[in-house]
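**Student:** Attaching a single structure in structure tokens format; questions to follow.
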Amino acid sequence: MTNKASLLRRTAAELIGTASLLVVVIGSGIQAASLSRDTGVALVANSLASAIGLGLIITLFGPLSGAHLNPVVTLTAWWARRTGGEGLDAREAVAYAAAQTAGAIGGAVLAETMFGRTPGTFSTQVRGGGHLLIGEIVATAGLVLVIQGLGRIGRPRLIPVAVAAYIAAAIWFTSSGSFANPAGTIGRAFSDSFTGIAPQSLPGFVAAQLAGGVLGLALATLLYGPERGRTEAGHERPGQPDAPTPLADMPRPGTGFEVIV
């Protein structure tokens, strides 16, 4: 079914969805750290909750906005439109990215408030070093490749569970902990908690995530070839270039999420 939601409704879905994601990520991190002094146990709890929450959010908001929840994913949708596929125009992409960033900050503040902490306190957890930036490049490239790959091979319905599973794994196998989301990274700077990141670490992480997004697109094109303009159901949709493809149903990745985290 063609998505006919207005841009206002779609950006609202992106704002609420991204805010919800940050509540899940930060809230579960605070809860896990308070219940266990073992960092490994806390990370297990945080990664599991984050993956489950992410999958549910994508499933809920995907049919409305595509559930990007992530400016990198939104940029891939904009690029898809520019290269002849289905995606977002520049105005839509800017609106999505702004909503995602605002939602991430709001979600972080809400999570801090919910646990009785001082909202708006910047994180003091510095995450520096070239090895962490490499981890972010790998994490983001893998995320984009999962979305793009499943879309291009005609398995779009697997994207919610696949993205959730990938993030759960990437939290463990990447040195950076797989933030893989510029908006989410900015939001985490507003939480001095287990999952936070100090403001001075933001430029490097965001730059690495953007580079990872480009790499992921390049790998998808190399492996699966260029994407084609199709509807979320996998059928040609001539004459309707402005409607985004819902993430939960899309057959190609230009307009879907996620996270990440």
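**Student:** Once you have the Cα-Cα distance between residue 121 and residue 60, take 0.36 nm times their residue separation minus that, and quote the gain in nm to one decimal.
**Tutor:** On the way: separation 61, 0.36 × 61 = 21.96 nm, distance 3.03 nm.
Here the segment from residue 121 to residue 60 would lengthen by 18.9 nm.
**Student:** Please identify the helices of the chain, taking whole runs of DSSP H, that span at least 18 Å along their own axis as judged from the Cα atoms and have a mean Kyte-Doolittle score of -1.0 or higher.
**Tutor:** Answer set is 7-35, 39-65, 90-114, 130-152, 159-173, 202-224.
**Student:** Quick check: pseudo-label points 7 Å beyond the Cα along Cα→Cβ at residue 89 and residue 207, how many nm apart are they?
**Tutor:** The two pseudo-label positions are separated by 3.4 nm.
**Student:** Please say if the range 65-139 is rounded, prolate or oblate, where rounded means a/c under 1.5 for a ≥ b ≥ c the square roots of the C-alpha gyration tensor eigenvalues, and otherwise the choice is prolate for a/b larger than b/c and oblate otherwise?
**Tutor:** oblate
**Student:** Follow-up. Looking at the square roots a ≥ b ≥ c of the eigenvalues of the Cα gyration tensor of the range 1-75, which shape do they give, rounded for a/c under 1.5, prolate if a/b is larger than b/c, or oblate? Mind showing how you got there, number by number?
**Tutor:** Details: a/c = 3.24, a/b = 2.93, b/c = 1.11.
Verdict is prolate for the range 1-75.
**Student:** Let me ask something else. Give me the distance between the Cα centres of the range 2-45 and the range 122-155, rounded to whole Å.
**Tutor:** Value for the Cα centre distance between the two parts: 17 Å.
**Student:** How big is the charge dipole of the chain about its Cα centre, in debye rounded to the nearest 20, if each Lys and Arg gets +1 on its Cβ and each Asp and Glu gets -1 on its Cβ?
**Tutor:** The calculated dipole for the chain is roughly 260 debye.
**Student:** Rounded to a whole number, what % of the accessible area of the chain do carbon and sulfur atoms account for, probe 1.4 Å? Mind showing how you got there, number by number?
**Tutor:** Details: 7140 of 10520 Å².
Carbon and sulfur together cover 68 percent of it.
**Student:** Extending each Cα 7 Å along its Cβ direction at residue 39 and residue 161, get the distance between those two points in nm, one decimal.
**Tutor:** Calculated label separation equals 3.4 nm.
**Student:** Further, regarding this structure: Rounded, prolate or oblate: which fits the range 121-190 when a ≥ b ≥ c are the square roots of the eigenvalues of the alpha-carbon gyration tensor, with rounded for a/c under 1.5 and prolate only if a/b beats b/c?
**Tutor:** Prolate, since a/c reaches 1.5 and a/b exceeds b/c.
**Student:** Where the centre of each part is set by its Cα atoms, how far does the range 91-113 sit from the range 180-198, in angstrom?
**Tutor:** Here the two parts' Cα centres lie 12 Å apart.
The values are calculated or read from the model by the stated rules, or taken from the named source; none is laboratory data. Quick caveat, the model's predicted, so the values are computed rather than measured. All Cβ positions, glycine included, derive from the backbone under ideal geometry; neighbour counts span all protein chains shown. Keep in mind that these areas ignore ligands, DNA and RNA; they rest on the heavy atoms of the full protein, side chains included. Shrake-Rupley method; radii C 1.70, N 1.55, O 1.52, S 1.80 Å.
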